[in-house]
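Chemist: First the structure, then my questions, so here it is.
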Amino acid sequence: MKLVGAAAILLGSLLAALTQLNAEKTREETRRALRRSLILLRNELYERQTILPEAFPGLAGASGCEAAQGFYVFLSEEMRQLGERSFSTIWRDCAGKKLAMLDEEDTEAIASLGTTLGGSELELQCAALEKCADTLERKSAQCAAERAEKRRMTLGVTLSLGAFVIILLI
């Protein structure tokens with residue numbers, strides 16, 4: 001019976017580690033999808049002269065990521081309130097609600113775009129989109145460089161804690 005309990009504790013520890021690693025993978029996929037979608041939005045604004053609310057449904061379909069898609073779908077729906085609420089408020093609220101799985105730095109980079117996109121000249125909007133996309137790209141590169149070490153650390157610490165609990169219980 002003790003063996004079954006020990007195995008359950010170790011499996012629980014492993015599950016906790018895998019859950020943490022999966023959340024990190026989801027953050028990375030979302031970050032990359034948002035970067036791609038910001039570049040697409042920049043192209044829509046600059047090359048096609050598309051107005052912002054009309055660009056969001058297309059970005060939702062092209063994002064390739066559930067969280068990014070949810071952000072643009074929600075943003076498209078919330079655009080019906082434009083006039084009652086400012087664009088920057090709608091954008092910031094949507095980023096806060098639909099991109100909560102990102103870390104604070106990424107979420108703030110996306111959320112702060114709303115101020116520029118809501119009422120600046122086209123060149124400033126495009127520059128802000130490029131800057132945010134570059135920020136997300138740098139963060140992706142940094143996280144990729146740290147991924148292997150983080151994976152080993154997460155698995156090692158959680159399994160060690162599981163083993164420690166087993167030793168305490170025996």
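The values are calculated or read from the model by the stated rules, or taken from the named source; none is laboratory data. This one's a predicted model, so the numbers in the text were calculated from it and none came from an experiment. Cβ sites come from the backbone with ideal geometry, for glycine too, and all protein chains shown count toward neighbours. The area values use the complete protein model at the heavy-atom level, side chains included, leaving out ligands, DNA and RNA. Shrake-Rupley method; radii C 1.70, N 1.55, O 1.52, S 1.80 Å.
Chemist: Taking every eigenvalue of the Cα gyration tensor of the chain, multiplying by 5 and rooting it, what semi-axes result, largest first, whole Å?
Modeler: 42, 16, 12
Chemist: Continuing with the same structure: Run the reach check for Lys98 against lysines, Cα to Cα strictly under 22 Å, same-chain hits fewer than 8 apart removed. What comes back?
Modeler: Correct list for Lys98: Lys25, Lys131, Lys139.
Chemist: Measuring from label point to label point, each 7 Å out along Cα→Cβ, what is the Lys2 to Leu15 span in nm?
Modeler: Between Lys2 and Leu15, the simple spin-label model gives 2.4 nm.
Chemist: If I compute solvent accessible area with a 1.4 Å probe over the protein chains, what percent of it on the range 2-169 is carbon and sulfur?
Modeler: 58
Chemist: Identify all aspartates and glutamates with a Cα-Cα distance to Lys150 below 14 Å; exclude those on the same chain that are fewer than 8 residues away in sequence.
Modeler: Reachable aspartates and glutamates: Glu24, Glu28.
Chemist: I'd like to check one number: the per residue accessible area of the chain, probe 1.4 Å, reported in Å² as a whole number.
Modeler: Value returned for the chain: 59 Å² of accessible area per residue.
Chemist: I want to verify the translational diffusion coefficient of the range 1-99 in µm²/s; compute it with Stokes-Einstein, Rh as the Kirkwood radius over Cα pairs, at 25 °C and 0.890 mPa s.
Modeler: In µm²/s, the coefficient is 156.
Chemist: In degrees, nearest 10, range 0 to 90: what is the angle between the Cα axis of helix 2-47 and the longest Cα principal axis of the chain?
Modeler: 10
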